[in-house]
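The values are calculated or read from the model by the stated rules, or taken from the named source; none is laboratory data. It should be emphasised that the depicted structure is a prediction, and the values quoted were computed from it without experimental measurement. Positions of Cβ are backbone-derived with ideal geometry, glycine not excepted, and every protein chain shown enters the neighbour counts. These accessible areas exclude ligands, DNA and RNA; they are computed on the full protein's heavy atoms, side chains included. Shrake-Rupley method; radii C 1.70, N 1.55, O 1.52, S 1.80 Å.
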Amino acid sequence: MFHPLRVSEVERLTDDSVAVTFEVPPELTGDFRHTPGQHLALRRVIGGEEIRRTYSICTPAAGGEGSAAPVLRVGIRLVDGGAFSTWALKELAVGELVEVMPPMGRFRLVPRPGHFAAVVGGSGITPVLSMIATLLAREQEARFCLVRSDRTVASTMFLDEVADLKDRYPDRFHLVTALSREEQSAGLPSGRLDRERLTALLPALLPVPEVAGWFLCGPLGLVSATEQALRGLGVDRSRIHQEIFHVDDGSAPAPAPPSAPDRAVLTATLHGRSGQWAVQERESLLETVLRSRADAPYACKGGVCGTCRAFLVSGEVRMDRNFALEPEETEAGYVLACQSHPMTPEVELDFDR
Ligand code: FES
């Protein structure tokens, strides 16, 4: 459910990115507590069209019950032709109202002792910044190694915040920077981080088998290359967590396979109310629900954010793509409604589970 929140600060980070802080009224403080790594879905009518986007929270999570209210801030980078990010960079001002959904997402790090690591590219630093700051403040026995990849120093988001963490935790925070388009005096030689480079680099930086959790965030190419490198180094899939930003590979959804039923009926439960609808040709199950229920949850419609996650109660579906659910979630029966198409004449989804 969206809540209108007032913008209390807009801070320019780089030429093409801003950090936007929201004021959370006291009665919503509990709803807006986040676990480091989570994101917010934002909604706004721009040019007469409703636009939704998800952006990761960059600020540390609050402590336990009764602790001070956390600051709710997201990082937004301009995407070419992106309606929301263009509006956020050019027009969004302090005092404006934006509709915001409470934090969600399963790309998260619940603080605990241990050695953790992240490989991030560009704005992928945003959720990881919250993870590092929260973890190192709360767990004296935790360490973090961050490998970040950016084009140039000038285009690097949260440069000062990461430098502050380095100063505050010199022994427990290890920072390695790779710039793809600029040489630097310290850090890695310039160039892209590909699978081969990462396979050589990561074991030289830290004891790979001892890392309790790997957090990969950024463009699809970097995240896939790192995952392949880690799998090649023997890291178990369950220790690798990924979040992809802005996937637009231009690929059209796959046509329905011959085994797909000609007609299908969807039953869905949402906010305690159930309904039944015929699924129209080629539409996703999310679109089927949205035709009658405007409160169906979604943000990206691209298989990336996980906002449309639903439990498959009965029947079978196929998903066009899935960059949001972890393997344990799909194995447990969860699907992305925005990517799902029926493979049986009857399908039942539960959005409330
Ligand atoms: S709406 Fe984002 S994954 Fe479905």
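Segment 169-217: which GluC sites (Glu not before Pro) are DSSP loop and have at most 16 other beta-carbon atoms within 10 angstrom? Working shown, then result.
Details: sites: GLU182, GLU183, GLU196, GLU210; in loops: GLU182, GLU183.
Filter output for segment 169-217: GLU182, GLU183.
Name the residues whose placed amide hydrogens come within less than 5 Å of the amide hydrogen of LEU349, ignoring near sequence neighbours (fewer than 5 apart) on the same chain.
Here the answer is THR267, ALA268, THR269, VAL313, since their amide H atoms fall under 5 Å of that of LEU349.
Could you order the peptides 271-279, 5-13 from most to least packed, using the average number of other C-beta atoms within 10 Å per residue?
5-13, 271-279
Under the 0.36 nm per residue contour assumption, what length would be gained going from the current alpha-carbon distance of ASP15 and GLU316 to full extension?
Numbers: separation 301, 0.36 × 301 = 108.36 nm, distance 4.64 nm.
Net length gain for the segment: 103.7 nm.
Top to bottom by accessible area (1.4 Å), largest first, where do ARG293, ARG353, ARG237, ARG263 land? Don't jump to the answer; show the numbers that get you there.
On the way: ARG293 15, ARG353 135, ARG237 115, ARG263 200 Å².
The most accessible residue leads, giving ARG263, ARG353, ARG237, ARG293.
I'd like the distance between the alpha-carbon centres of segment 159-213 and segment 75-137, rounded to an integer number of Å.
Cα centroid to Cα centroid, the span is 20 Å.
Please state the relative contact order of segment 265-350 as a whole percent: Cα pairs under 8 Å, 6+ residues apart? Mind dumping the intermediate values first?
Details: 165 pairs, mean separation 31.3, N = 86.
Answer for segment 265-350 is 36 percent.
Springs between alpha-carbon atoms under 10 Å, Gaussian network over the chain: tell me which of GLY306, GLY191, GLY218 tops the mean-square fluctuations.
GLY191
Take the alpha carbon gyration tensor of the chain, find the square roots of its eigenvalues, order them as a ≥ b ≥ c, and report rounded if a/c is under 1.5; if not, report prolate when a/b exceeds b/c, else oblate.
Details: a/c = 1.72, a/b = 1.38, b/c = 1.25.
Judged from the Cα gyration tensor, the chain comes out prolate (a/c at least 1.5, a/b above b/c).
Need one number: nm distance between label points at SER224 and GLU91, each 7 Å from Cα along Cα→Cβ, rounded to one decimal.
Those two pseudo-labels are separated by 3.5 nm.
Can you list residues whose amide H is under 5 Å from GLY114's amide H, if they're 5+ apart or on another chain and H is modeled 1.01 Å from N?
Correct list: ALA142, ARG143.
Working out 0.36 nm times the residue gap between ASP31 and ASP352, then minus their Cα-Cα distance, what length gain in nm do you get to one decimal?
Full extension from ASP31 to ASP352 adds 113.9 nm.
Using r as the Cβ-Cβ distance of VAL45 and LEU188, and R0 as 56 Å, what FRET efficiency do you calculate, to the nearest 0.05?
That pair, VAL45 with LEU188, gives E of 0.80.
Taking 0.36 nm per residue of sequence separation and subtracting the Cα-Cα distance, how much length would be gained by fully extending the chain between VAL79 and SER274, in nm to one decimal?
66.5 nm
Computed FRET efficiency, Cβ-Cβ of THR330 and GLU287, R0 22 Å: what is it to the nearest 0.05?
Working: r = 21 Å, r/R0 = 0.94.
Efficiency computed from Cβ-Cβ geometry: 0.60.
Explain nothing, just compute: Karplus ³J(HN,Hα) = 6.51 cos²θ - 1.76 cosθ + 1.60, θ = phi - 60°, for every residue of segment 92-98 in order, whole Hz, x for Gly and Pro.
4, 10, 4, x, 6, 9, 10
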